[in-house]
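Since the structure comes first, as structure tokens, the remarks are kept for the end.
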Amino acid sequence: MSGTAEPIEAGLTEQERAEIDAWLTRFPDSPEGKRSAVIPALHIVQHNSGGWLPRARMDAVAEYLELAPTRVYEVATFYGMFDVEPVGRHKVNICTNISCMLRGSNEIVAYAEKKLGIRLGETTSDGRITLKREEECLAACAGAPMMLVDEVYYTELTPEKIDQILDELE
């Protein structure tokens, strides 16, 4: 993933339409079923758009699913797994919910910010890593403190683990 400018092709590719169609078969053939396919469709498009969702690509999803664009925008802006602005090649989400906070996530966030030279919500100057805004819960409370890096869970974090994980990212 890279924080690139808007893709040259703003519509959906044949492959994206085929993947969305596969998801549509899992839902009722109705307007409600098409609304149910918004999340998987946005995942597909975000994956193929440098890790974020340009407005033109969200509009293409809305058109393909025959939905008002605002229906797609509200999903894209509600869920933390979607980005509507360019991001780094790697996305780092550190959980700051109560279980993680009680086990030191505030210190983990401070350490990651210092190590990367950025604050939550920012991207390193080389475009390598985006440290996502506060994450309410990543559903791994038993392993707190934890973080998600490019959809991979890391638990029981320490500064040493943070160093190892972040240093291995290309």
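The values are calculated or read from the model by the stated rules, or taken from the named source; none is laboratory data. Treat the numbers as computed from the prediction; the structure is a model and nothing was measured. In this analysis, Cβ positions are derived from the backbone assuming ideal geometry, glycine residues included, and neighbour counts consider all displayed protein chains.
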Quiz item: Mind checking whether some residue in region 109-123 is polar (S, T, N, Q) and either over 14 Å from the mean Cα position of the chain (by Cα) or closer than 28 Å to Ile20 by Cβ (or both)?
Solution: no
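Would you say Ile108 is of a type outside the set (Lys, Arg) and assigned by TED's automatic domain parsing to the domain that holds Thr130?
On the way: of a type outside the set (Lys, Arg): yes; assigned by TED's automatic domain parsing to the domain that holds Thr130: yes.
In short, yes.
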Quiz item: Which condition number does Ser99 fail, the rest of (1) within 26 Å of Pro145 (Cα to Cα); (2) at pLDDT 95 or above; (3) part of a helix (DSSP H, G or I) being met?
Solution: (2)
Quiz prompt | Unique residue being out of contact with any Pro (no Cβ under 8 Å at 6 or more places or on another chain), surrounded by 14 or more Cβ atoms within 10 Å (Cβ to Cβ) and farther than 26 Å from Gly143 by Cβ when the list is Ile129, Ile44 | solution = Ile44
Quiz item: Which pairs do you get when a residue that is surrounded by 11 or more Cβ atoms within 10 Å (Cβ to Cβ), found in region 10-27, comes within reach of a residue that is part of a loop (DSSP other than H, G, I, E, B), reach meaning Cβ atoms under 6 angstrom, with the pair 6+ apart or on two chains?
Solution: Trp23/Ala37; Leu24/Ala37; Phe27/Ala37
Practice problem: Answer with yes or no whether Leu102 is on the phi < 0 side of the Ramachandran plot, crowded, with 18+ Cβ neighbours inside 10 Å, in contact (Cβ under 8 Å) with a residue 40 or more places away in the chain and hydrophobic (A, V, I, L, M, F, W, C). | Solution: no
Quiz prompt | Residue tally, condition surrounded by 15 or more Cβ atoms within 10 Å (Cβ to Cβ), assigned to a loop (DSSP other than H, G, I, E, B) and of a type outside the set (A, V, I, L, M, F, W, C), over region 105-126 | solution = 1
Quiz item: Can you name the helices (runs of 4 or more DSSP H) wholly within region 17-93 that have at least 1 residues being at pLDDT below 95 and β-branched (Val, Ile, Thr)?
Solution: 69-78
Quiz item: Name the residues in region 66-99 that are within 21 Å of Gly11 (Cα to Cα) and surrounded by 14 or more Cβ atoms within 10 Å (Cβ to Cβ), would you?
Solution: Leu67, Pro69, Arg71, Val72, Tyr73, Val75, Ala76, Phe82, Asp83, Val84, Pro86, Val87
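I want to confirm something. Restricting to region 151-165 and keeping residues that are out of contact with any Gly (no Cβ under 9 Å at 6 or more places or on another chain) and surrounded by fewer than 18 Cβ atoms within 10 Å (Cβ to Cβ), which single residue is nearest to Gly117 (Cα to Cα)?
Step by step, filter region 151-165, then rank; the result is Asp163.
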